Protein chains: 2
Amino acid sequence: MAFRSNLKSVLIDLSGTLHIENEVTPNAIEALNRLRSTNLKIKFVTNTTKESRRILHERLTKLGFDIKQDEIFTSLWAARDLVKKESLRPMYFLDDAAMEDFEGFKSEDNINAVVIGLAPDKFNWNNLTKAFRLLLNGAKLIAIHAARYYKSPDGLSLGPGPFVKALEYASGTEASIVGKPASNFFCAALDKVKPTEAVMIGDDVRDDVGGAQALGMKGYLVKTGKYRDNDENKIDPAPYKTVNNFSEAVDDIISSLNDSS
Amino acid sequence: MAFRSNLKSVLIDLSGTLHIENEVTPNAIEALNRLRSTNLKIKFVTNTTKESRRILHERLTKLGFDIKQDEIFTSLWAARDLVKKESLRPMYFLDDAAMEDFEGFKSEDNINAVVIGLAPDKFNWNNLTKAFRLLLNGAKLIAIHAARYYKSPDGLSLGPGPFVKALEYASGTEASIVGKPASNFFCAALDKVKPTEAVMIGDDVRDDVGGAQALGMKGYLVKTGKYRDNDENKIDPAPYKTVNNFSEAVDDIISSLNDSS
């Protein structure tokens, strides 16, 4: 198949694809090692608003994965790149653990951006009014991602999305969303590889597969993590392939490399 | 003119129309007395999320207006009527001063509604997540009004609207907005008078005049309070009449009553 013969890069989601909490998905460690034995470029891409690259790297290493820190590209890192590129001086709605990624990009004065992640302690009227006034003065609104809610131990809890929407509505500003499924996110993760020369493997049919395919990549949907029956029919075009797990996606990629060699 | 000959009721906005802060608009007290000398039914209608009917009545009486407490119909009172009619047991995002209007309608258990007014101290992630979970369980979302922001001494501050939008987005619920310009608000204020037999006088071209006219009333736009040049061209159909102030609106109403008698 044409796209495989020139395949250069594989993007891989983390939570739900390589592991679920502290459990590795079936044969995922071995599968990643097999993928390493090809000459494909590998990047791990994830939407997180809470954990720095270092923390994610630590967790994955503990689980037994052979991963380098700079192979991890997150929505926080995408925000950091944007802050750097545009020399922004943001007000951050982020947890301390996430702020690690923004070392060297903290400012007290001349704030000209608002970065919204998940920061329950910071989401209150005072801080949001402060952010609103910054937006009225022309500050840029950046959303790590716009998830409506997330699963917490005691039930569903508000994600960053509702607070992004609140500020958009109040200020008439539109947020730049830097995480999946934004095209810019995948572009940045691919670095200089063309989307048609890359595949994405993930458990989220919209954010992983739909987002990647919108850019011209091919998407593998894995039936682990947040996958639910029938998810593969929820996007158009459908996922390139729907497989049981990450290991099967790797099998398929490697066998097609061999086919075309 | 046809509508005047059967005119039965006059709805009057408070802040910006009868007074601005502690200042009465030109000849407003005398004008109200002149209006009292007709047999027109008078109601005072206002969007407030902060002040009970008793507090508003006290303030207006102090300014010299001859007003009865039960002639005042507010967005808080409209919410109270809805809570009563539908036997709701709400979680309230309201200031203590506003809660006066909800005496007898407070519940601790089996909460089945969320009422959003302006309550800076209560707008935080914890409370909003609590409200979000109630909405997921089928609670009704009620917004006193959906203003984006308001003028506070130190600048513009977030109103209830952004928090209503946040909860709508998170839960996929649509809020019932009970204040102006909602048709239901004017209907309730009119009691049993037909909209075509009533006029509205106010300084807000959209919330007062536009809202009233959408229901079939005729609207007087006064050039006091929040009126800004050219406001009368911002709605279609335009205000029935645009006048300098409340007193002129009363003159016009009375003279037309005489014309048609």
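Before rounding to the nearest 500, sum -39500 (n - 2.57) across all DSSP H runs of length at least 4 in chain A and divide by the residue total; then give [θ] at 222 nm in deg cm²/dmol. Please list the in-between numbers first.
Working: 10 runs with 89 residues, N = 261.
Calculated from helices alone, the mean residue ellipticity at 222 nm is -9500 deg cm²/dmol.
What shape does the stretch B:202-261 take by its C-alpha gyration tensor, where a ≥ b ≥ c are the square roots of the eigenvalues and a/c under 1.5 counts as rounded, a/b above b/c as prolate, and the rest as oblate?
On the way: a/c = 2.39, a/b = 1.42, b/c = 1.68.
Oblate, since a/c reaches 1.5 and b/c is not below a/b.
With a ≥ b ≥ c taken as the square roots of the eigenvalues of the C-alpha gyration tensor of the stretch A:132-232, please select rounded if a/c is under 1.5 and otherwise prolate if a/b is larger than b/c or oblate if it is not? Intermediate results must be reported in sequence, preceding the final value.
Working: a/c = 3.16, a/b = 1.36, b/c = 2.32.
Oblate, because a/c is 1.5 or more while a/b does not exceed b/c.
At A:Ser255, with labels set 7 Å past Cα in the Cβ direction, how many nm apart are the copies from this one, shortest first?
The projected label point of A:Ser255 is separated from its counterparts by 9.0 nm.
How shielded is A:112-122 by partner chains, expressed as the average number of their Cβ atoms within 10 Å of its Cβ atoms? Each step should come with its number before you reach the end.
Values: counts 0, 0, 0, 0, 0, 0, 1, 1, 5, 3, 2.
Across the residues of A:112-122, the mean count of other-chain Cβ atoms within 10 Å is 1.
Could you compute Rg(Cα) / (2.2 N^0.38 Å) for the stretch A:53-148, with N its residue count? Could you put the intermediate results ahead of the total?
Working: Rg = 14.7 Å, N = 96, 2.2 N^0.38 = 12.5 Å.
For the stretch A:53-148, the normalised Cα radius of gyration comes out at 1.18.
If you plug each phi of the stretch A:9-15 into the Karplus form 6.51 cos²θ - 1.76 cosθ + 1.60 with θ = phi - 60°, what whole-Hz ³J(HN,Hα) values come out, in order, with x for Gly and Pro?
Result, rounded to whole Hz: 9, 10, 9, 10, 6, 9, 4.
Which shape class, rounded, prolate or oblate, goes with the stretch B:100-188 when its Cα gyration tensor gives a ≥ b ≥ c as root eigenvalues, a/c under 1.5 marks rounded, and past that a/b bigger than b/c marks prolate? Could you put the intermediate results ahead of the total?
On the way: a/c = 1.43, a/b = 1.18, b/c = 1.21.
Rounded shape, in that the Cα axes give a/c under 1.5.
Work out the FRET efficiency for B:Asn230 and B:Asp154 from their Cβ-Cβ distance, taking R0 = 41 Å, and round it to the nearest 0.05. Numbers along the way, then the final one.
Working: r = 29 Å, r/R0 = 0.70.
Calculated value: 0.90.
Per residue, what volume in Å³ does the Cα convex hull of the protein assembly as shown take up?
Working: hull volume 91.1 nm³, N = 522.
About 174 Å³ per residue, rounded to a whole number.
Of all beta bridges DSSP finds with both residues in the protein assembly as shown, what is the antiparallel percent, to the nearest 5?
Around 20 percent antiparallel, to the nearest 5.
At most 12 other Cβ atoms within 10 Å and a DSSP loop assignment: could you name the trypsin sites (Lys or Arg not before Pro) in the stretch B:185-243 that fit?
Details: sites: B:Lys192, B:Arg206, B:Lys218, B:Lys223, B:Lys226, B:Arg228, B:Lys234, B:Lys241; in loops: B:Lys192, B:Lys223, B:Lys226, B:Arg228, B:Lys234.
When the trypsin sites (Lys or Arg not before Pro) of the stretch B:185-243 are filtered for loop state and at most 12 Cβ neighbours within 10 Å, B:Lys192, B:Arg228 remain.
What's the magnitude of the charge dipole for the protein assembly as shown around its Cα centre, counting Lys and Arg as +1 and Asp and Glu as -1 at the beta-carbon? Answer in Debye, nearest 20. Present the calculation step by step, with values, prior to reporting the outcome.
Numbers: 68 positive and 72 negative charges, 87 e Å.
About 420 debye.
Could you order the peptides B:49-58, B:113-122, A:144-153 from most to least packed, using the average number of other C-beta atoms within 10 Å per residue? Could you put the intermediate results ahead of the total?
Details: B:49-58: 19.1, B:113-122: 23.1, A:144-153: 17.0.
Output ranking for B:49-58, B:113-122, A:144-153: B:113-122, B:49-58, A:144-153.
Given H placed 1.01 Å from N in the peptide plane, which residues other than close sequence neighbours of A:Phe123 have an amide H under 5 Å from its amide H?
B:Trp125
Suppose you put the label 7 Å out from Cα in the Cβ direction; list, shortest first and in nm with one decimal, how far A:Lys68 is from each other copy's label.
Values, ascending and in nm: 8.3.
Inter-copy label distances at B:Ser37, 7 Å along the Cα→beta-carbon direction, one decimal in nm, shortest first?
Sorted ascending, the copy-to-copy spacings read 10.3 nm.
Helix A:53-63 versus the longest principal axis of chain A: what angle, 0 to 90°, nearest 10, using Cα atoms?
Between helix and principal axis, roughly 40 degrees.
What is the distance in Å between the Cα centroid of the stretch B:25-60 and that of the stretch A:228-252?
Taking the Cα centre of each part, the stretch B:25-60 and the stretch A:228-252 sit 65 Å apart.
Run the numbers for A:Glu30 and A:Ala238: contour at 0.36 nm per residue of separation, minus the present Cα-Cα distance, in nm.
Gain on stretching A:Glu30 to A:Ala238: 72.1 nm.
Give me the percent of DSSP beta bridges within chain B that run antiparallel, rounded to the nearest 5. Don't skip to the end; give the middle numbers.
Working: 6 of 36 bridges.
Of those bridges, close to 15 percent are antiparallel.
What pairs from B:Lys41/B:Lys180; A:Lys151/B:Lys50; A:Lys43/B:Lys122; A:Lys165/B:Lys180 go past 31 Å between their alpha carbons? Can you show the working numbers first?
Working: B:Lys41/B:Lys180 19 Å; A:Lys151/B:Lys50 34 Å; A:Lys43/B:Lys122 42 Å; A:Lys165/B:Lys180 23 Å.
Distance filter (> 31 Å) returns A:Lys151/B:Lys50; A:Lys43/B:Lys122.
Tell me, what ³J(HN,Hα) does each residue in the stretch A:41-46 have, in order and in whole Hz, if you take phi through Karplus 6.51 cos²θ - 1.76 cosθ + 1.60 with θ = phi - 60° and put x for Gly and Pro?
Listing the rounded values in order: 7, 10, 10, 9, 10, 8 Hz.
When the chain is fully extended, how far beyond the present Cα-Cα distance does A:Arg206 get from A:Asp251, taking 0.36 nm per residue of separation?
13.9 nm
How many nm separate the modelled label positions at B:Leu63 and B:Glu108, each set 7 Å beyond the Cα in the direction of the Cβ?
Each label point lies 7 Å from its Cα, and together they span 4.0 nm.
Across the residues of B:145-157, average count of Cβ atoms on other protein chains within 10 Å? Could the numbers behind the result be given before it?
Working: counts 0, 1, 1, 6, 7, 0, 0, 1, 0, 2, 5, 6, 8.
So the per-residue partner count for this stretch is 3.
Only the coordinates and a few stated rules stand behind these numbers; no lab work does. In this text, all values refer to a predicted model and were calculated from it rather than measured experimentally. Positions of Cβ are generated from backbone atoms using ideal geometry, with glycine treated the same way; all protein chains shown enter the neighbour counts.
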